[in-house]
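The values are calculated or read from the model by the stated rules, or taken from the named source; none is laboratory data. Every value quoted in this text rests on a predicted model; they were computed, and no experiment measured them. We place every Cβ from the backbone using ideal geometry, glycine too, and count neighbours over all the protein chains shown. Surface areas here come from the heavy atoms of the whole protein model, side chains and all, with no ligands, DNA or RNA. Shrake-Rupley method; radii C 1.70, N 1.55, O 1.52, S 1.80 Å.
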Amino acid sequence: LQLVAMTTTVFSVSICCCLLAAAAAADSEAGESPRGVPRSKLGLYDPTKPFNCLDGSGTLPWSKVNDDYCDCRDGSDEPGTSACKNGRFFCRNRGHKPKYLLASRVNDGVCDCCDGTDEFDSWTTCADVCWEEGKAAREEAERRHALLVEGHKVYNTWLQDVEPKLAARRKRLAEIGAELERVQPSKAELESAKKAAEDAEEAAKTEHKKAWEESRERQRAERVFNELDSDSDGRIGLADLQIHPEFDVNADGGVTLDELRQYTEGLDEADFASFQEKIWPNIKTIFKSLKQQQQPAAESAPTAEESTDKEMDEALGEGAQPPPTQPTPQEDQAEAETDSMPDYPAEVQELINKANEAREAYNKANDEASKLTTEKSDLERLVERDYGPSNAFFPMADSGECAEFNDNEYTYKLCPFKESLQIQKASGSSTSLGRFKDWSGPEGDKYSSQEYTDGQGCWNGPNRSTKVRIVCGPKTELLSASEPSRCEYSMELATPAACHAHPTAETVDPEHDELY
Ligand code: MAN
């Protein structure tokens with residue numbers, strides 16, 4: 001009665017009213033229920049029948065139950081007295097947490113139960129203080145219950161969205177398939193158009209370069225020809241060459257005609273055309289080094305070798321020929337000009353432009369195709385995954401939202417169905433604590449946890465991994481994150497998706513937890 005009065009005056013939260021009303025009803029149904037027996041065992045204590053010891057050790061007339069004499073080996077006939085050493089007394093402690101006591105604590109003068117029921121025949125009077133003492137627990141239970149109720153509401157709204165959203169994703173997947181079918185062939189066409197344009201571009205550029213190199217080569221040959229043609233008669237004879245010691249193949253100090261003919265391919269004389277064809281290829285490297293050697297020598301006195309050359313020239317009767325001169329400033333300029341390739345002519349530039357356009361068009365189609373392919377594989381993974389009963393966890397994956405939890409040093413970030421991260425606050429550097437592997441709850445409760453594996457390697461340890469416990473809550477929220485063993489992380493994620501159970505009085509009924 002006292003409790004019922006409190007129920008009506010103090011309790012405004014309907015759940016608590018329900019609880020107490022239910023408890024009161026249970027009491028009246030049970031009638032004279034034996035003292036010290038929890039509600040869950042009332043069925044075993046029926047005053048209209050003989051009592052069977054709970055361990056099967058005997059059967060007694062009902063009058064022997066709670067008669068302060070221990071009959072059953074397990075003490076079950078004396079749940080409400082101190083008669084059995086191994087007996088246990090249950091106090092319901094309505095308004096707080098129920099409790100089992102050792103039977104010896106019954107009527108020992110100490111109030112062990114907050115409802116005072118353990119001192120029913122004692123010199124001590126115990127008041128029922130469960131209501132006051134249970135306030136914090138009750139408030140916590142109310143808070144938890146409210147969260148479950150709210151979570152279940154959100155769960156229901158989420159559920160309404162699941163199938164339409166899944167259908168929308170599947171539709172998009174089909175659209176992507178169609179878009180890819182359109183883009184892929186056009187990409188192939190653009191690729192061959194690009195190849196054709198690039199081939200034409202390459203050929204034109206190569207031709208341009210080749211023409212430039214040929215003309216440069218001809219200019220070089222011309223310069224050397226003029227240099228060697230000391231009498232400028234448009235022909236080069238062996239005597240023109242003989243004055244150059246560089247043609248002294250066997251390095252015996254003299255240039256013989258035989259030596260020269262090795263360079264001239266047997267010719268004794270050559271105009272520019274045959275010089276370019278036959279002689280130039282043989283001497284071009286020699287001539288270059290000749291020029292380089294002559295540059296420092298030009299300002300100094302003739303060397304012994306040069307004197308010998310002079311004497312030999314005179315001996316040959318060709319008269320003293322001036323050594324090859326250094327290039328004139330005009331020649332330098334000509335060399336410099338021919339050293340950088342001239343701009344492409346308009347028709348080549350046109351082909352380059354066309355190839356650029358073809359490249360651009362192909363790259364655009366290629367980008368589009370690869371974006372679609374990525375979107376396709378992401379969506380395939382999204383729609384094919386296991387989202388539990390009613391696909392309740394689908395919205396959590398579909399939203400792509402991540403949840404964070406801060407401790408002193410790190411921000412932990414969980415992107416459900418994707419990855420788990422640890423971000424160092426000081427540096428902002430991020431470490432992978434694993435990628436979504438699978439659901440990992442125990443049998444029958446598979447969707448109560450997830451596993452994220454293959455995160456960043458841990459020095460001298462395993463790759464980082466995370467176990468995420470999933471609990472019901474009105475919003476997606478990371479409630480905790482810790483590292484119970486090195487590089488193995490543990491998180492608790494609240495989400496409406498886990499609020500499938502309709503919250504009942506049971507959810508917060510303190511009597512539910514009778515083992516306490
Ligand atoms: C970093 C963090 C820690 C981890 C160590 C292991 O400091 O990722 O969580 O324990 O590396 O070396």
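With K and R counted +1 and D and E -1, the other residues having a Cβ less than 11 Å from that of Lys210 yield a net charge of -1. 3J(HN,Hα) along segment 184-201: 4, x, 5, 5, 5, 4, 5, 5, 6, 5, 4, 5, 4, 5, 5, 4, 5, 4 Hz, from the Karplus curve 6.51 cos²θ - 1.76 cosθ + 1.60 with θ = phi - 60°, whole Hz, x for Gly and Pro. A dipole drawn for segment 167-238 from +1 and -1 charges on Cβ atoms has a positive end, and of Gln219, Ser230, Gly177 the residue lying farthest that way is Gly177. Under the combined filter of DSSP loop state and at most 16 neighbouring Cβ atoms within 10 Å, segment 352-406 retains these GluC sites (Glu not before Pro): Glu401. Potential lengthening of the chain between Thr285 and Glu375 amounts to 26.4 nm, from the contour at 0.36 nm per residue minus the alpha-carbon distance.
Near Trp131, within a Cβ-to-Cβ distance under 10 Å, what is the net charge of the other residues, with Lys and Arg +1 and Asp and Glu -1?
Details: positive: Arg94, Lys135, Arg138; negative: Asp115, Asp128, Glu132, Glu133.
Overall, the nearby charge balance is -1.
Bridgeable lysines around Lys99 (alpha carbons under 22 Å apart, same-chain partners fewer than 8 residues away excluded): Lys41, Lys85, Lys135.
Backbone phi angles across segment 430-437, fed through the Karplus curve with coefficients 6.51, -1.76 and 1.60 (θ = phi - 60°), yield HN-Hα couplings of 10, 10, 6, 9, x, 10, 3, 9 Hz in residue order; Gly and Pro are listed as x. The figure for Thr285 is an accessible area of roughly 100 square angstrom, using a 1.4 Å probe on the protein chains alone.
Phi angles of segment 216-233 translate, via the Karplus equation with coefficients 6.51, -1.76, 1.60 and θ = phi - 60°, into HN-Hα couplings of 5, 5, 5, 4, 5, 4, 4, 4, 5, 4, 5, 5, 6, 7, 5, 9, 6, 9 Hz per residue; Gly and Pro are given as x.
Counting only other residues whose beta carbon sits under 10 Å from that of Asp71, what net charge do I get with K and R as +1, D and E as -1?
Working: positive: Lys64, Arg73; negative: Asp67, Asp77, Glu78.
Spelling it out: positives minus negatives among the neighbours equals -1.
Of Glu259, Glu140, Glu246, the order by accessible heavy-atom surface (1.4 Å probe, DNA, RNA and ligands excluded), from most exposed downward, is Glu140, Glu246, Glu259. For Lys165, a cut-off of 18 angstrom between C-alpha atoms picks up these lysines, skipping any fewer than 8 places away in its own chain: Lys376. The 1.4 Å probe gives accessible areas that order His244, His208, largest first, as His208, His244. In this simple spin-label model, placing a label point 7 Å from the Cα along the Cα-to-Cβ direction at both Asp271 and Ser482 gives a separation of 10.2 nm. Once the chain from Ile423 to Thr125 is taken as fully extended at 0.36 nm per residue, the excess over their C-alpha distance is 101.4 nm. State the Cα centre-to-centre distance between segment 163-191 and segment 41-99 in whole Å. That distance is 72 Å. For Val471, the residues whose modelled amide H falls within less than 5 Å of its own, excluding neighbours fewer than 5 places apart on the same chain, are Leu493, Ala494, Thr495. Measuring with a 1.4 angstrom probe and ignoring ligands and nucleic acids, Asp67 comes out at about 60 Å² accessible.
When the surface is traced with a 1.4 Å probe over the full set of protein chains, Tyr100 keeps roughly 50 Å² accessible.
Ordering Lys85, Lys364 by accessible area with a probe of 1.4 Å, largest first, what comes out?
On the way: Lys85 200, Lys364 155 Å².
Most to least solvent-accessible, the answer reads Lys85, Lys364.
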